[in-house]
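One structure, pasted below without further comment.
The values are calculated or read from the model by the stated rules, or taken from the named source; none is laboratory data. The model shown is predicted, which means the values in this text are computed figures rather than measured ones. Because the Cβ atoms are built from the backbone with ideal geometry, glycine has one as well, and the counts that use them run over all protein chains shown.
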Amino acid sequence: MQYITGFEHYQEEAGTAVTLGKFDGLHRGHRKLVERIMEHVEQEPDLKSVVCFFEMTEFKKMCHLDQKKLMMNEERAIRLDGRVDYLIECPFLSVKEMEAEVFIEKILSDLFHAKYIVVGENFRFGHERRGDVGMLAKYQETYGYRLEVIPNEYYGERIVSSTYVKEVMKTGDIDLVNRLLSYPYTIAGTVRKGEGMGRRIGYPTMDIFPCQEKILPPAGAYVCKLEVDGQWYQGVCNIGKKPTVSSGEDTILSVHLFCYEEKEEADGKQVVLQLYHYLRPEEKFDDIDELKRQIQTDIREGKRHFLLTMESRRMLLEIKNKSEEKN
């Protein structure tokens, strides 16, 4: 996959199947759009698949809006790598004043050579958001593309959207967040050497500092996995300020891994954290012994979570195999 910033650097001459949007979080609704352009390329190998996302950071900064994101640009690239041919980052300010008809002609037709345009039913674009699926449909014959409008994805009675995911995130229900995303919520960060308190009390941790723009769930303990040097490890983590042992104000992800023996060498490494289950809110304990007892409980619950997950998968596989045998 090629990751390109700015339309001026895109020079592909082949026709494309393209989808467009903000794609913050790449949730279940977004996944349907991406999968559809992949299907078109599979059926017509001469085409290229293009995901074009509008980068909103500078616009939000200019408008004094919240700049927090579910997904950093690098995380989006990692998740789409190997699935699509091009990921195009379009700074929103560069097209904000462009008339919708001009966007269709100059970007979708002349630049992307679009043969298929796949968007959600609420997609809007162009100056004052005048462009919509109706306008895209109107110009199909003029520019020789076929429009496909993918219906909204629902969870219960709610439309799956980045806004909904953010709402759920505030409650700490990481299990539901993961269902809406269709993958574990992921946080990339850098390991920094801490004070060594965890090691001294028998539960060594890695202190991870995420990007300030990244949306974090409420402070508390979570079941997690951590990728270090390409290997995944199970563990538990505390998101917060570690009030029992620290008076600092920085939000830190303190991760204890069940089977990892090289924590001393992790300082400065880039790691990826996945959250699986919320355990409890962050607490300030009366003393270290009380903290140690709670950590033991968290570890026990974390291991239990992964064991139950493995057992559930085994049972589902057995059911599937029995069903196939009957057929």
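Go through segment 227-239 residue by residue and tally those that are buried (at least 24 other Cβ atoms within 10 Å of the Cβ) and aliphatic (A, V, I, L, M).
2
Considering only segment 263-308, state which residues are touching a Leu at 6+ places or on another chain (Cβ under 8 Å), closer than 19 Å to residue 203 by Cα and of a type in the set (A, V, I, L, M, F, W, C). First the steps, then the outcome.
Step one: list which residues in segment 263-308 are touching a Leu at 6+ places or on another chain (Cβ under 8 Å), which gives 263, 271-274, 285, 298, 301-302.
The next check asks that each one be closer than 19 Å to residue 203 by Cα; those that pass are 263, 273, 285, 298, 301-302.
Of everything in segment 263-308, those that are touching a Leu at 6+ places or on another chain (Cβ under 8 Å), closer than 19 Å to residue 203 by Cα and of a type in the set (A, V, I, L, M, F, W, C) turn out to be 273, 285.
Let me ask something else about it. If I go through segment 52-78 residue by residue, how many of them are of a type outside the set (A, V, I, L, M, F, W, C), surrounded by 17 or more Cβ atoms within 10 Å (Cβ to Cβ) and touching a residue at least 60 places away in the same chain (Cβ under 8 Å)?
The total comes to 2.
Now for a different question. Quick check on my filter: what residues within segment 15-51 are without any contact (Cβ under 8 Å) to a residue 60 or more places away in the chain, assigned to a helix (DSSP H, G or I) and touching a helix residue (DSSP H, G or I) at 6+ places or on another chain (Cβ under 9 Å)?
30, 34
Just checking, does segment 287-304 include any residue being at pLDDT 90 or above, crowded, with 18+ Cβ neighbours inside 10 Å, assigned to a helix (DSSP H, G or I) and within 23 Å of the chain's Cα centre (by Cα)?
yes
Which residues, taken from segment 175-222, are of a type in the set (S, T, N, Q), closer than 23 Å to residue 280 by Cβ and within 17 Å of the chain's Cα centre (by Cα)? Walk me through how you get there before you give the answer.
Taking segment 175-222 first, the residues of a type in the set (S, T, N, Q) are 178, 182, 186, 190, 205, 212.
If we keep only those that are closer than 23 Å to residue 280 by Cβ as well, we get 178, 186, 205.
Correct list: 178, 186.
Here is a further query. Conditions first: (1) at pLDDT 95 or above; (2) surrounded by 17 or more Cβ atoms within 10 Å (Cβ to Cβ). Residue 25 passes all but one, so which condition is the exception?
Among (1) at pLDDT 95 or above; (2) surrounded by 17 or more Cβ atoms within 10 Å (Cβ to Cβ), the lone unmet condition for residue 25 is (1).
Additional query: Being part of a strand (DSSP E or B) and at pLDDT below 90 is the filter here; which residues of segment 248-269 pass it? Give the steps one after another, and end with the answer.
Taking segment 248-269 first, the residues part of a strand (DSSP E or B) are 252-257.
Residue satisfying the conditions is 252 alone.
Next up: Consider only pairs whose beta carbons are under 8 Å apart and that are at least six residues apart or on different chains; among these, list those whose first residue lies in segment 248-275 and is under 11 Å from residue 210 (Cβ atoms) and surrounded by 19 or more Cβ atoms within 10 Å (Cβ to Cβ) and whose second residue is modelled with pLDDT of 90 or more and basic (Lys, Arg).
Correct list of pairs: 273/225.
Within segment 69-82, can you find the residues that are under 16 Å from residue 27 (Cβ atoms) and among the charged types (D, E, K, R)?
Within segment 69-82, 69, 75, 76, 79 qualify.
Tell me which residues, restricted to segment 115-145, are exposed (fewer than 14 other Cβ atoms within 10 Å of the Cβ) and touching a residue at least 24 places away in the same chain (Cβ under 8 Å).
Hits for segment 115-145 are 121, 122, 130, 144.
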